[in-house]
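One structure is given here, and the rest of the page talks about it.
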Amino acid sequence: MFELTFLGTSASAPSVHRGLTSQVVSYRDHRFLIDCGEGTQRQILISGIGFRRLNRILITHGHLDHILGLGGLISTFSRWEAIEHLEIWAGPWALERIHDLIYGVVLRGARPPVKIDLIPIEKGTLLEDNNYRLSAFPVSHRGPGVFGFSFEELPRHPFLPERAEELQIPPGPLRKELVEGRNVTLPDGQVVTPEDVLGPLRRGTKLVHIGDCGKTNNLLEVCQNADGLVIEATYLSYEAELAHQFGHLTAQQAAELARLAGVGHLYLTHISRRYRESEVLEEASAIFPNVTVARDFAKYEIRRAD
Ligand SMILES: [Zn+2]
Ligand SMILES: [Zn+2]
């Protein structure tokens, strides 16, 4: 299960009700801040999620409405927040701009307050452990090096407590051993193998996050059967020409992608002040009913459909 918190959901400039783009994905002990538009640190405060362990930042691309908040955030970390190490992952062009912001504007020769790693993203796996994998894939938007992110729980064999009861395996360390794939010997001498208490392999939850985006035909495969898809919907279809011109999507295009890819739930963000939220929702839900137009501070749990 992944937890998704929207911190800012506005396109290009903030509005009275929406801050600039940023969201947090949480999974077990991991937290990922995705994009960091201007004002993100205040959004973090209001949301109540806190700064702890918020040391991994993924940047979709280098446009200012997605990175300017990094300056303030790093300046704050230098004063009072207990983060020792910051990782910022982005495409090479975005990373160059972020480097200029941090070292040319914020620090200007001062020693970084925390260890800052600027890590270039390439397509493929970024991080993984025994439970999940985070990977990046290219997205078409204005400019080079734009990426989307896929969070996937690794497939696993579910533990079957009723089988464990039948075999009289006491709750506790013996069950843990079996879940971790090792044979155990019960107090009566009987040997139990993991296969005795584990069910057939089951896929994990999948959450796909795409920021600004101009076309969807190259995204179908990566979005396939995602339980949650976050994607921009900057325009409505009556202004599809403008959307095309600026490398953005209409709500209709985003919904069509969700429908074709068999997505569980669609979350639309990067909402323009040009439209009312209800218009965006109406256009998308006509094509794909399981859709939410994200609002600042909204929190969602993303779970496998079955
Ligand atoms: Zn943007
Ligand atoms: Zn952009």
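Only one of Glu122, Glu87 is among the charged types (D, E, K, R) and part of a loop (DSSP other than H, G, I, E, B); which?
Numbers: Glu87 fails: part of a loop (DSSP other than H, G, I, E, B).
On inspection, the qualifying residue turns out to be Glu122.
Which of the helices (runs of 4 or more DSSP H) found entirely inside the stretch 214-306 contain at least 1 residues meeting this: in contact with a Phe, Trp or Tyr (Cβ under 8 Å, 6 or more places away or on another chain), small (Gly, Ala, Ser) and surrounded by fewer than 18 Cβ atoms within 10 Å (Cβ to Cβ)? Show your work before the answer.
Working: elements: 220-223, 240-246, 251-261, 277-285.
Output list is empty.
Of all residues in the stretch 133-166, count the ones that are open to solvent by less than 70 Å² (accessible area, probe 1.4 Å) and within 16 Å of ligand 1 (Cβ to nearest atom). Break it down into steps so the answer makes sense when it comes.
Going residue by residue through the stretch 133-166, those that are open to solvent by less than 70 Å² (accessible area, probe 1.4 Å) are 134-141, 143, 145-154, 158-161, 164.
Next cut, within 16 Å of ligand 1 (Cβ to nearest atom) only: 139-141, 143, 145-149.
Qualifying residue count, the stretch 133-166: 9.
Hey, among the residues in the stretch 189-213 that are open to solvent by 40 Å² or more (accessible area, probe 1.4 Å) and of a type in the set (D, E, K, R), which one's farthest from ligand 2 (Cβ to nearest atom)?
Filtering the stretch 189-213 for residues that are open to solvent by 40 Å² or more (accessible area, probe 1.4 Å) and of a type in the set (D, E, K, R), the one farthest from ligand 2 (Cβ to nearest atom) comes out as Asp196.
Does Arg28 qualify as being touching a residue at least 60 places away in the same chain (Cβ under 8 Å), within 16 Å of ligand 1 (Cβ to nearest atom) and open to solvent by 10 Å² or more (accessible area, probe 1.4 Å)?
On the way: touching a residue at least 60 places away in the same chain (Cβ under 8 Å): yes; within 16 Å of ligand 1 (Cβ to nearest atom): no; open to solvent by 10 Å² or more (accessible area, probe 1.4 Å): yes.
The answer is no for Arg28.
Considering every residue within the stretch 214-231, establish whether at least one is under 18 Å from Ile59 (Cβ atoms) and free of Cβ contacts under 8 Å to residues at least 60 places away in the same chain.
The answer is yes; a qualifying residue exists.
With the checklist (1) more than 16 Å from ligand 1 (Cβ to nearest atom); (2) touching a helix residue (DSSP H, G or I) at 6+ places or on another chain (Cβ under 7 Å); (3) part of a loop (DSSP other than H, G, I, E, B) in hand, flag the one item Cys36 doesn't pass.
Going through (1) more than 16 Å from ligand 1 (Cβ to nearest atom); (2) touching a helix residue (DSSP H, G or I) at 6+ places or on another chain (Cβ under 7 Å); (3) part of a loop (DSSP other than H, G, I, E, B) one by one, Cys36 breaks only (1).
The values are calculated or read from the model by the stated rules, or taken from the named source; none is laboratory data. Only a predicted model underlies this, so the values are computations on that prediction, with no experimental measurement involved. Please note: Cβ atoms are built from the backbone with ideal geometry, for glycine as well, and neighbour counts cover all protein chains shown. Keep in mind that these areas ignore ligands, DNA and RNA; they rest on the heavy atoms of the full protein, side chains included. Shrake-Rupley method; radii C 1.70, N 1.55, O 1.52, S 1.80 Å.
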